[in-house]
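Before any comments, here is the structure.
The values are calculated or read from the model by the stated rules, or taken from the named source; none is laboratory data. Keep in mind it's a predicted model, so treat the numbers as computed, not measured. Note that each Cβ is placed from the backbone with ideal geometry, even for glycine, and that neighbours are counted across all protein chains shown. The accessibility values were calculated without ligands, DNA or RNA, using every heavy atom of the protein model including side chains. Shrake-Rupley method; radii C 1.70, N 1.55, O 1.52, S 1.80 Å.
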Amino acid sequence: MGVLDVRDIDALLAFADTSLPGLRLPNGIFCFDREWSSPALRGESVRYSIMVLLGVARRAQSGGSTSIDAHGLHRQIHERRAELGVGDLGLLLWADVRMGDTTSAKNTLIDLARKSSADGALASLEGMEAAWFVLGAVEAQSAGLPAADVLKTALTHFRSRQSPRSPLFRHYGQGRGRTNLPNFATQVYSLLALAEAARHDVEPGALSRAVRLADLLIELRGDDSGWPWLFHADHGVVVERYEIYSVHQDAMAPMAFFALSEVTGDQTYSSEAVAGLPWCYGVNEMGFRFYDEALNFAHRSIRRSGMASRANLYANTALGLGFGAKPRVDVGGVEINTTCRPYHLGWILEAWSGRDSIRPLAESL
């Protein structure tokens with residue numbers, strides 16, 4: 001493989017697919033991460049394995065070749081289904097529907113209904129997990145599975161997560177310490193959930209809410225099109241910019257904004273997502289290319305370095321809770337987070353596979 005070019009989406013997809021086998025453990029589940037400086041795989045993650053499955057299945061169904069046997073991975077994940085919480089079961093239900101496995105989907109749906117009805121189960125979900133719950137329920141309902149009650153539960157709770165003062169979604173349910181300090185993952189998965197709810201017409205007002213959220217996220221991102229990390233939900237502002245993650249630039253934001261373009265018919269949102277892609281190819285404050293083709297490795301982020309990381313985070317979250325966006329602390333340098341997680345590669349496949357209409361936007365960069 002040659003040097004990746006920002007205009008060549010096929011090369012990016014091939015890079016992601018080629019890199020995945022090196023992050024898979026002997027038991028078939030994917031690792032949690034690995035360091036650039038070492039081939040050792042650290043930990044394991046069924047959650048990341050589901051994300052990889054979704055991306056691999058989408059690529060295969062779009063006519064692309066895959067290095068991972070989706071059906072085998074699907075079986076291995078289901079052997080671990082009892083370990084999963086509400087958010088991960090939402091992801092798995094989405095994957096079950098995509099795989100066309102009605103039996104597995106019904107089993108996942110039963111587990112999801114039981115676990116989501118437990119006392120305190122929903123309030124303790126992180127914002128991204130609440131969105132995954134919605135995504136799985138929407139896919140199951142749209143596939144004709146008996147998911148009406150689960151979908152109602154998911155959407156009712158999801159509604160409660162959106163701030164009454166801004167389009168942003170909260171990190172936890174009310175009454176928890178970090179409720180009003182959500183991260184970008186909460187926002188972008190919530191945007192995807194709203195877009196899919198609108199696509200399948202299961203939530204009145206979902207489309208207008210999605211548009212308002214997308215417009216605010218675009219307004220709040222950096223001059224280099226880097227998506228910031230931490231927000232204040234009620235104030236509708238950025239609290240702390242770092243870390244800025246490569247997966248947000250080349251996969252997660254594109255997933256959500258492409259879906260919104262498909263639902264609205266407004267290509268502007270796809271263009272805004274594609275505008276963040278050059279960041280991964282060196283158009284960032286460090287001039288750093290995040291893809292190492294020789295090692296099949298995608299670096300994770302730009303983060304604050306050393307003690308500055310915690311100092312800025314703690315100071316800015318405290319100031320954000322008290323004052324909103326300003327005053328802000330911004331001291332110390334930045335560095336590359338030289339780790340790679342397999343879900344990043346899976347989400348690249350999810351974002352770009354089968355979206356031929358987006359390619360001209362990338363080719364024009």
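Do we find that residue 65 is at pLDDT below 95 and closer than 23 Å to residue 255 by Cβ in this structure?
yes
Being among the small types (Gly, Ala, Ser) and either open to solvent by less than 10 Å² (accessible area, probe 1.4 Å) or touching a His at 6+ places or on another chain (Cβ under 9 Å) (or both) is the filter here, so list the residues in region 341-365 that pass it.
346, 351, 353, 362
Any residue in region 147-168 that is without any contact (Cβ under 8 Å) to a residue 12 or more places away in the chain, open to solvent by 20 Å² or more (accessible area, probe 1.4 Å) and touching a His at 6+ places or on another chain (Cβ under 9 Å)?
no
Spot the failing condition for residue 186; the list is (1) buried (at least 21 other Cβ atoms within 10 Å of the Cβ); (2) under 20 Å from residue 285 (Cα atoms); (3) in contact with a strand residue (DSSP E or B) (Cβ under 7 Å, 6 or more places away or on another chain), and only one is missed.
Failed condition: (2).
If residue 227 satisfies all but one of (1) open to solvent by 10 Å² or more (accessible area, probe 1.4 Å); (2) closer than 22 Å to residue 12 by Cα; (3) of a type in the set (Phe, Trp, Tyr), what's the number of the condition it fails?
Unmet condition: (1).
Go over the candidates 194, 213 one by one and state the one that is crowded, with 20+ Cβ neighbours inside 10 Å and closer than 28 Å to residue 119 by Cα.
194
Kindly establish whether residue 91 is of a type outside the set (Val, Ile, Thr), surrounded by 16 or more Cβ atoms within 10 Å (Cβ to Cβ) and within 24 Å of residue 294 (Cα to Cα).
So residue 91 does not fit the description; no.
Scan region 30-39 and give yes if some residue there is within 21 Å of residue 136 (Cβ to Cβ) and either under 15 Å from the mean Cα position of the chain (by Cα) or in contact (Cβ under 8 Å) with a residue 24 or more places away in the chain (or both), otherwise no. Working first, answer last.
Restricting attention to region 30-39, the residues satisfying the condition of being within 21 Å of residue 136 (Cβ to Cβ) are 30.
Among the residues that remain, those that are also either under 15 Å from the mean Cα position of the chain (by Cα) or in contact (Cβ under 8 Å) with a residue 24 or more places away in the chain (or both) are: 30.
Checked region 30-39: at least one residue is within 21 Å of residue 136 (Cβ to Cβ) and either under 15 Å from the mean Cα position of the chain (by Cα) or in contact (Cβ under 8 Å) with a residue 24 or more places away in the chain (or both).
This table checks each residue for (1) basic (Lys, Arg); (2) open to solvent by less than 10 Å² (accessible area, probe 1.4 Å).
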| position | (1), (2) |
| --- | --- |
| 11 | no, no |
| 18 | no, no |
| 21 | no, no |
| 29 | no, yes |
| 35 | no, no |
| 45 | no, no |
| 53 | no, yes |
| 58 | yes, no |
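What is the number of the single condition among (1) at pLDDT below 95; (2) surrounded by 20 or more Cβ atoms within 10 Å (Cβ to Cβ) that residue 176 does not meet?
The number of the failed condition is (2).
Give me the pairs: first residue in region 94-123 and at pLDDT 95 or above, second residue among the polar types (S, T, N, Q) and open to solvent by 50 Å² or more (accessible area, probe 1.4 Å), beta-carbon distance under 6 Å, and six or more apart or on different chains, which are they?
Within 6 Å, the pairs are 116/153.
Checking the conditions here, which among 302, 336 is in contact with an Asp or Glu (Cβ under 7 Å, 6 or more places away or on another chain) and modelled with pLDDT of 95 or more?
Exactly one of 302, 336 is in contact with an Asp or Glu (Cβ under 7 Å, 6 or more places away or on another chain) and modelled with pLDDT of 95 or more, namely 302.
Taking residue 49, is it open to solvent by 20 Å² or more (accessible area, probe 1.4 Å) and in contact with a helix residue (DSSP H, G or I) (Cβ under 6 Å, 6 or more places away or on another chain)?
Spelling it out, it is not the case that residue 49 is open to solvent by 20 Å² or more (accessible area, probe 1.4 Å) and in contact with a helix residue (DSSP H, G or I) (Cβ under 6 Å, 6 or more places away or on another chain).
Those residues that are open to solvent by less than 30 Å² (accessible area, probe 1.4 Å), of a type outside the set (Gly, Ala, Ser) and under 16 Å from the mean Cα position of the chain (by Cα), I need them from region 232-250; list them, please.
Answer for region 232-250, where residues must be open to solvent by less than 30 Å² (accessible area, probe 1.4 Å), of a type outside the set (Gly, Ala, Ser) and under 16 Å from the mean Cα position of the chain (by Cα): 244, 245, 247, 248, 249, 250.
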